[in-house]
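Read the figures in this text as sums done on the coordinates, not as results from a lab. If you're wondering where the values come from, they're calculated on a predicted model, not measured in any experiment. Here the Cβ positions follow ideal geometry from the backbone for every residue, glycine too, while neighbour counts run over all protein chains shown.
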Amino acid sequence: MKKFYTAVRDFILRYPAILAAYLIYSYYFISTMDFYIRFKHRHFGTTEALQHFDTVLWMWLLAFLLVKVIELRERLHQKEREMLEKQHDIELKETQIQTLHEVILTLKHEINNPLAIILGYIRLLRKQVNDPDAVKKIDEIEHASQRINHALKEFSAAQVYEVSNSPVGNLVDLSPYKETGKKATS
């Protein structure tokens, strides 16, 4: 019995136009038959004939309601599709951000290890070298290494990004560079 009710409910939800058509034409048929049966037994006046054809008004009303139900269902389906698309977009963005952060952390780790070694050897070298020209070159190397370290910190602090298309592929634009007005220097 539960399957029958489920099948009826599903039919009503899937095919409201067909159900409404059955109701409209059934009511019209019954009303018309009632009119002809009564007409056979006695003579009707114009007002009595019009009273029996209230079916037309009911048909119009049911048709109007049917159109409204179909419009409401369409709007509901449209909103559901939009919500699902938004939810999918949000999940996709979250996955992309998570993946991007994992890549950034891996890159940061892979670059920071050799950079720490370079900075360590620069400090040792500075203690051993007395030549002013060599000290100047060591300072340049240290400054460049610190710029790399600073750029990595900014890069890994990115919380939002924007993907833009280019002829060479998709480019990732990180927001901290945009928001703070800082640019990565090379």
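Per-residue counts of other Cβ atoms within 10 Å, averaged by peptide: what ranking do you get for 16-28, 120-132, highest first?
16-28, 120-132
For the range 119-134, just list the computed ³J(HN,Hα) in residue order, Karplus coefficients 6.51, -1.76 and 1.60, θ = phi - 60°, integers in Hz, with x standing in for Gly and Pro.
5, x, 5, 5, 5, 5, 5, 4, 5, 8, 9, 10, 5, x, 5, 5
When only C-alpha pairs under 8 Å and at least 6 residues apart count, what is the relative contact order of the range 92-180, in percent?
25 percent
Which of Met83, Met1, Met59 comes first, and how do the rest follow, when ranked by fewest Cβ neighbours within 10 Å?
Met1, Met83, Met59
If packing is taken as the average count of other Cβ atoms within 10 Å, what order do 33-40, 101-108 fall into, highest mean first?
101-108, 33-40
Neighbouring Cβ atoms within 10 Å as the yardstick, rank Ser166, Ser145 fewest first.
Ser166, Ser145
Let's test the formula: R0 of 25 Å, r as the Cβ-Cβ distance of Glu74 and Tyr27. What FRET efficiency results, to the nearest 0.05? Don't skip to the end; give the middle numbers.
Details: r = 26 Å, r/R0 = 1.03.
About 0.45, to the nearest 0.05.
Hey, any idea what the orientation-averaged projected area of the convex hull of the range 92-180's Cα atoms comes to, in nm²? Show your work: numbers first, answer last.
Numbers: hull surface 31.0 nm².
Orientation-averaged projected area of the Cα hull: 7.7 nm².
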